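Participant: Input: one structure, supplied below.
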Amino acid sequence: MRPFNYLKANTPAEATALAAQLDGARFIAGGTNLLDLMKLEIETPVHLIDVNGLGLDSIEDTPDGGLRIGALVRNTALAADARVRKNYAVLAKALLAGASGQLRNMATTAGNLLQRTRCPYFYDTNMPCNKRQPGAGCAAIGGFDRQLAIIGTSKSCIATHPSDMAVAMRLLDATVETVRANGEARTIPIADFHRSPVNTPNIETPLYADELVTAVRLPRPLGGEHVYYKVRDRASYAFALISVAAVMKSDGTGRVALGGVAHKPWRVEAAEALMPEGYKRVTETLLEGATPSPHNAFKVLLVERTLASALSQVKVHS
Ligand code: SF4
């Protein structure tokens, strides 16, 4: 690990001001991904700005009937919140499908959104990787890409986004609140928060270096039956091969989003209009234009079958 300076901020204004002043600064909260990346020297921040003391750790009701989740709310606390369990069950289920109890106790809402891919070549510093080193090439393309993306890829990168929580938040149309050192505040729809890889897979979000995530806002509850099905190589503590988040109404309408298939949580609103026509039509539209490789073509059928299982739940419970 490279040496770094450790700084502690007490307010969002102080944290963003430090990030604006110091080249090579990174915010740190739970550190469950960043510290691993620093040990491998994939991330080499010169300054770490500890944001754990900023007080962004509450979950509040909003005037429009939704929830505002502080950026520092731990994944365990969010999954256990009675309002989340009752009204946003897909989010609680996705959170509990992620990582391990110990990691969820440390991992924060903002950090979960900002975690980086688990592409094995990204973590192997002997291999070329455009995300780690722009212009180096991509060892995963033509390599062992069983875990990697089947849709929304580019010639530069075929990595997947590893978060379960983000898939549920995409389904729920969450928005991400941020602030910069100059006081400028933004509200970013989660659909725009994670980027497609195009030819700059190293740029993963629209955030500026001094931009701090302060909260995630959920709109008023959707109702319906919520499911989050995660298919993985072992029963726990593994990233998704694919996952399906769905909200379904008894009239057959609903929403669906996928994890483990793309560089970002994958949702195609046009596919949702086809839910009354059944899982095959939805899968076709969700994965239209997919470019799987021989190693990961199984994911197409896995999505179809997992979606079939998810959609059947509404019949069981309605
Ligand atoms: Fe790097 Fe993306 Fe290629 Fe993986 S898929 S090696 S993260 S460029």
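Participant: Could you work out, for the range 164-222, what percent of all Cα-Cα pairs fall into each 10 Å distance bin, beginning at 0 Å and stopping at the bin that holds the largest distance?
Facilitator: Distribution as computed: 22, 47, 28, 3 percent.
Participant: Order His295, His47, most accessible first, counting only protein heavy atoms with a 1.4 angstrom probe.
Facilitator: Output order, biggest surface exposure first: His295, His47.
Participant: Just how large is the dipole of the range 13-86 about the Cα centre, in debye to the nearest 20, putting +1 at every Lys and Arg Cβ and -1 at every Asp and Glu Cβ?
Facilitator: Dipole of the range 13-86, to the nearest 20 debye: 320 debye.
Participant: Under unit Cβ charges (Lys, Arg +1; Asp, Glu -1), what dipole magnitude, rounded to 20 debye, does the chain have relative to its Cα centre?
Facilitator: Charge dipole, the chain, about its Cα centre: 740 debye, nearest 20.
Participant: State the answer as a single residue: which of Pro201, Ile158, Ala185 lies farthest towards the positive end of the charge dipole of the range 131-239, with beta carbon charges of +1 for Lys and Arg and -1 for Asp and Glu, about the Cα centre.
Facilitator: Highest projection toward the positive end goes to Ile158.
Participant: Go ahead and set up a Gaussian network model of the chain, Cα springs under 10 Å, then flag whichever of Asn126, Asn112, Asn87 fluctuates most.
Facilitator: Asn126
Participant: Testing the spin-label approximation: label points 7 Å from Cα along Cα→Cβ at Gln21 and Arg232. State their distance in nm.
Facilitator: In this crude spin-label approximation the distance works out to 4.1 nm.
Participant: Once you wrap a convex hull around the alpha carbon atoms of the range 116-162, what is its projected area averaged over all directions, in nm²?
Facilitator: Mean orientational projected area (the range 116-162, Cα hull): 3.0 nm².
Participant: Further question: Would you mind calculating the relative contact order of the range 170-236 from Cα pairs under 8 angstrom and at least 6 residues apart, reporting the percent as a whole number?
Facilitator: Across the range 170-236, relative contact order equals 36 percent.
Participant: Give the Rg/Rh ratio for the range 242-318, taking Rg as the radius of gyration of the Cα atoms and Rh as the Kirkwood radius, to two decimals.
Facilitator: 0.96
Participant: With all protein chains present, calculate the accessible area of Phe298 using a 1.4 Å probe and round the result to the nearest 10 Å².
Facilitator: Here the residue's solvent-accessible area equals roughly 70 Å².
Participant: Using label points projected 7 Å from each Cα along Cα→Cβ, tell me how many nm separate Leu40 and Asn105, to one decimal.
Facilitator: Inter-label distance under the simple model: 2.5 nm.
Participant: If you build a Gaussian network model of the chain, linking Cα atoms that sit under 10 Å apart, which residue out of Lys230, Lys131, Lys39 swings the most?
Facilitator: Lys39
Participant: Which value at 222 nm does the chain reach when only helices count, each DSSP H run of 4 or more adding -39,500 (n - 2.57), with the total divided by all residues and rounded to the nearest 500 deg cm²/dmol?
Facilitator: -8000 deg cm²/dmol
Participant: State, in angstrom, two size descriptors of the range 216-258 derived from its alpha carbons: Rg to one decimal place and Dmax to the nearest whole number.
Facilitator: 12.9, 35
Participant: How high is the FRET efficiency between Glu269 and Asp192 when r is their beta carbon distance and R₀ equals 22 Å, given to the nearest 0.05?
Facilitator: With a Förster radius of 22 Å, E is 0.95.
Participant: A follow-up question, please. How much accessible surface does Ser163 have with a 1.4 Å probe, in Å² rounded to 10?
Facilitator: We get 10 Å² for Ser163.
Participant: Using only alpha carbons, build the gyration tensor for the range 162-318 and give me the equivalent ellipsoid semi-axes, biggest first, whole Å.
Facilitator: Ellipsoid half-lengths, sorted descending, are 28, 20, 14 Å.
Participant: At 20 angstrom or more along the helix axis (alpha-carbon based) and mean Kyte-Doolittle of -0.5 or higher, what helices does the chain contain? Whole DSSP H runs only.
Facilitator: Those that clear 20 Å and a mean of -0.5 are 298-317.
Participant: Using a 1.4 angstrom probe on the protein heavy atoms only, line up Tyr121, Tyr279 by accessible area, largest first.
Facilitator: Sorted by accessible area, descending: Tyr279, Tyr121.
Participant: Further, regarding this structure: Give the Kirkwood hydrodynamic radius (Å, one decimal) of the range 91-137, defined as one over the mean of 1/r across all pairs of different Cα atoms.
Facilitator: 12.7
Participant: With the dipole of the chain worked out from charges on the C-beta (+1 for Lys and Arg, -1 for Asp and Glu) around the Cα centre, which of Ala9, Val216, Val261 lies farthest toward the positive end?
Facilitator: The residue sitting most towards the positive pole is Val261.
Participant: Please state the Cα pair-distance histogram of the chain with 20 angstrom bins from zero: what percent is in each bin?
Facilitator: In whole percents, the pair-distance histogram is 33, 59, 9.
Participant: Give me P(r) over the range 15-89, computed from all C-alpha to C-alpha distances, binned every 5 Å, as integer percentages.
Facilitator: 3, 14, 19, 17, 15, 13, 10, 8, 2
Participant: Ranked from the most accessible area to the least, with a 1.4 Å probe and all protein chains present, what is the order of Thr283, Thr200, Thr125?
Facilitator: Result, largest first: Thr125, Thr200, Thr283.
Participant: Rg/Rh for the range 1-151 to two decimals, with Rh computed the Kirkwood way over all alpha-carbon pairs.
Facilitator: Expressed as Rg/Rh, it is 1.02.
The values are calculated or read from the model by the stated rules, or taken from the named source; none is laboratory data. Computed from a prediction, not measured in an experiment: that's the story for all the values here. Because the Cβ atoms are built from the backbone with ideal geometry, glycine has one as well, and the counts that use them run over all protein chains shown. Each accessible area value is taken on the protein alone, full model and side chains, heavy atoms only, with ligands, DNA and RNA left out. Shrake-Rupley method; radii C 1.70, N 1.55, O 1.52, S 1.80 Å.
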